Amino acid sequence: MKRLALVLFVALLHVAGYSSAQQQVPQDRKGATGTVKFAKVVSGYLTDVNGKYKLRVSESNYGPGGYIGEHQHVGPGIRYIVSGEWTRVGGGKTVTQKPGDYYFSSGDTTGSASNKGNSPVRIINFEILPADWKGGSAIPPKK
């Protein structure tokens, strides 16, 4: 448990450079919808992060042919593929995720992703974001 807390804290340090004033949505997106399912500002034993960050669960859906162009995320997160096949490109690699797959996104890497299949893609996102962050967590890549 202490190791998990340390990993989350280090990930949170990455998020600290963002504020709600920096929120932007990538322009290159098609066939996507998203819904926040749950968000809770962090409180508890990690006193250094209490009130500064929130854990958020959201759902993203991409219809056939849907995609998101090059982007980063405000904070780290774990993504769970519920349905469809999600093809991600980043770091010189292409990976196709299938239902039941999880993957980690540190947030500070640039990538793109698409639904190349004929069925909708449904993704559940578990993310760490600044407490005052509103809207989607995908942002244009930092230059």
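The values are calculated or read from the model by the stated rules, or taken from the named source; none is laboratory data. Just so you know, these numbers come straight off a predicted model, no measurement behind them. SASA here: full protein model, heavy atoms, side chains in, ligands and nucleic acids out. Shrake-Rupley method; radii C 1.70, N 1.55, O 1.52, S 1.80 Å.
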Proximal lysines to residue 93, defined as alpha-carbon separation beneath 23 angstrom and excluding residues fewer than eight positions away on the same chain: 30, 116, 142, 143
Sort 101, 108 by accessible area with a 1.4 Å probe, largest first. 108, 101
Aspartates and glutamates near residue 54 by alpha-carbon distance under 14 Å, same-chain residues fewer than 8 away left out - which ones? 127, 132
What does the accessible area of residue 46 come to, in Å² to the nearest 10, when a probe of 1.4 Å is used? 70 Å²
